[in-house]
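Read the structure below first, then the notes.
The values are calculated or read from the model by the stated rules, or taken from the named source; none is laboratory data. Predicted model, so just to flag it, every value in this text is computed and none were measured. Positions of Cβ are backbone-derived with ideal geometry, glycine not excepted, and every protein chain shown enters the neighbour counts.
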Amino acid sequence: MVVCLFRGKRRKVWVARWREEVILADGSAGRVMRSLVLGPVSEIGGRREARRLLDAHLNPINQRQYRPEATMLFSKFVTECFEPGVLPTLKFATRGDLFALLRKHLILQFSGHRLCDISRVEVQQYLLNKLKQGFAWETTNHLRHLLSKVMGTAVNWEYPPEQPCAWCKDARKDIETPPQISLG
């Protein structure tokens, strides 16, 4: 791997650039240019120390412990893979409900995200925000199951490396409920 390490001209920082292998949206392998600011020149002793910081960052890639990331966007996967490949296998009524949930909620929230960038924390926050907006817990549960099905399909088809919805809790338990008042 060819790595370029240099000092920035405007901002006095150490910058590293390298090419990294990725899986493109069509499934083929490609390379993209990556860049990382290691830190200010005043805090990093010199080129040798900057190189050590960079080596620590690139060690998983150089040790082949790294798997190329998929660059496919969530919205593209849903429209080109999930809707034509998975939705037709479901019952008619279920298909219509899931299609509506996908279009009204999930694609609006995650459309610009790459599949590999959607995290468990982000999914959990999304579900909690839906509850705070006044959505019923059944609706948020349906959203969680649907997102889990979409992401599980993507993992099975080897787009992202892991399933971000796997450990998301039922969002009802995380929202404070008002105390019940007994009238009698």
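May I ask you to verify whether LEU128 is touching a Leu at 6+ places or on another chain (Cβ under 8 Å), assigned to a helix (DSSP H, G or I), touching a residue at least 40 places away in the same chain (Cβ under 8 Å) and surrounded by fewer than 19 Cβ atoms within 10 Å (Cβ to Cβ)? Spelling it out, it is not the case that LEU128 is touching a Leu at 6+ places or on another chain (Cβ under 8 Å), assigned to a helix (DSSP H, G or I), touching a residue at least 40 places away in the same chain (Cβ under 8 Å) and surrounded by fewer than 19 Cβ atoms within 10 Å (Cβ to Cβ).
If you go through segment 75-94 and pick out every residue that is without any contact (Cβ under 8 Å) to a residue 40 or more places away in the chain, within 17 Å of GLU158 (Cα to Cα) and in contact with a helix residue (DSSP H, G or I) (Cβ under 6 Å, 6 or more places away or on another chain), you end up with 1.
In the set VAL155, VAL78, VAL121, which member is of a type in the set (A, V, I, L, M), assigned to a helix (DSSP H, G or I) and at pLDDT below 85?
Numbers: VAL78 fails: at pLDDT below 85; VAL121 fails: at pLDDT below 85.
Only one candidate passes the filter, namely VAL155.
Out of all the residues in segment 70-108, which are touching a Phe, Trp or Tyr at 6+ places or on another chain (Cβ under 7 Å) and surrounded by 18 or more Cβ atoms within 10 Å (Cβ to Cβ)? Hits for segment 70-108 are ALA70, MET72, PHE74, PHE77. Report, by residue number, each residue of segment 131-152 that is assigned to a helix (DSSP H, G or I) and of a type in the set (A, V, I, L, M). The answer is LEU131, LEU143, LEU146, LEU147, VAL150, MET151.
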